[in-house]
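Take a look at the structure set out below.
The values are calculated or read from the model by the stated rules, or taken from the named source; none is laboratory data. Note that the coordinates shown come from a computational prediction; the quantities given were computed from them, not determined experimentally. All Cβ positions, even for glycine, are placed from backbone atoms using ideal geometry, and neighbour counts span all protein chains on display.
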Amino acid sequence: MSSNVDQADVTQLLSELKGQPELINQILPLVYDDLRQIARCQQARLGCSPTLQTTELVHEAFIKLSNAKDQSIENRLHLKRLSYLAIRQLIVDHARSKLAAKRGSGQVDQSLDDLEVSSDLRGDEKTILAVNEAVERLEQCNPELAEVVIARFFGGFTADEIAEAQGISVRTVQRYWERARAWLLLDLQGDLFDE
């Protein structure tokens, strides 16, 4: 957000959104900078293809959010969460289509020594899909941990923002992040053994 006035505008428009879904078109331009930051964060962490541009991601996410007018948006953090979920899905879809186009050719084998799950993970389409599938499995067994991973890894949220959004302490967010990283590392290593 560029100013406190913009944040107040977003908050006001979100409160009016329930009765007037067309207001989403007024809100999204106010959070454009947030969307760009989320898109850049995800592209950097996931090592996205240079063919997938930040502006393209932001505009596609904008369209996705505009088309979901029946969705109830509670506050600015909720809107930001919906934004990073939309951008995450766009990146995963892009990776799937690129991988399908390659049909598996030219894939580099990855050893366990090279595998590291961290907030600055970089990789190709196969890695993006593997991380996304691991997060989906984590969601099935521990949604709280998965939400922290999604917010931090895909959304670029800070521990303070995650704590505020989930109504938990910053220390709890840090513990969840540590547990989730360990779980994901084991899960991703299991995928490598299965290949």
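Some observations on this one:
- Of the residues making up region 137-158, those that are in contact with a Phe, Trp or Tyr (Cβ under 8 Å, 6 or more places away or on another chain) and more than 24 Å from A61 (Cβ to Cβ) number 3.
- Against the list (1) closer than 28 Å to A134 by Cα; (2) surrounded by fewer than 18 Cβ atoms within 10 Å (Cβ to Cβ); (3) modelled with pLDDT under 70, the condition Q53 fails is (3).
- Residue match in region 28-39 (condition: farther than 23 Å from F153 by Cα, at pLDDT 70 or above and of a type outside the set (K, R)): yes
- Pair list, Cβ < 8 Å and 6+ apart or interchain, from region 156-172 residues that are on the phi < 0 side of the Ramachandran plot to residues that are among the polar types (S, T, N, Q) and outside any helix (DSSP H, G or I): A163/S169
- Sub-6 Å Cβ pairs linking a first residue in region 22-47 that is part of a helix (DSSP H, G or I) and among the small types (G, A, S) to a second residue that is modelled with pLDDT of 70 or more and surrounded by fewer than 20 Cβ atoms within 10 Å (Cβ to Cβ), at least 6 apart or interchain, are A39/T54, ordered by first then second residue.
- In this structure, Q89 does satisfy being modelled with pLDDT of 85 or more, of a type outside the set (A, V, I, L, M, F, W, C) and over 20 Å from R179 (Cα atoms).
- Pairing residues of region 122-145 that are under 15 Å from H94 (Cα atoms) and of a type in the set (D, E) with residues that are at pLDDT below 90 and buried (at least 20 other Cβ atoms within 10 Å of the Cβ), at Cβ distances under 6 Å and at least 6 apart in sequence or on separate chains, gives E125/A95.
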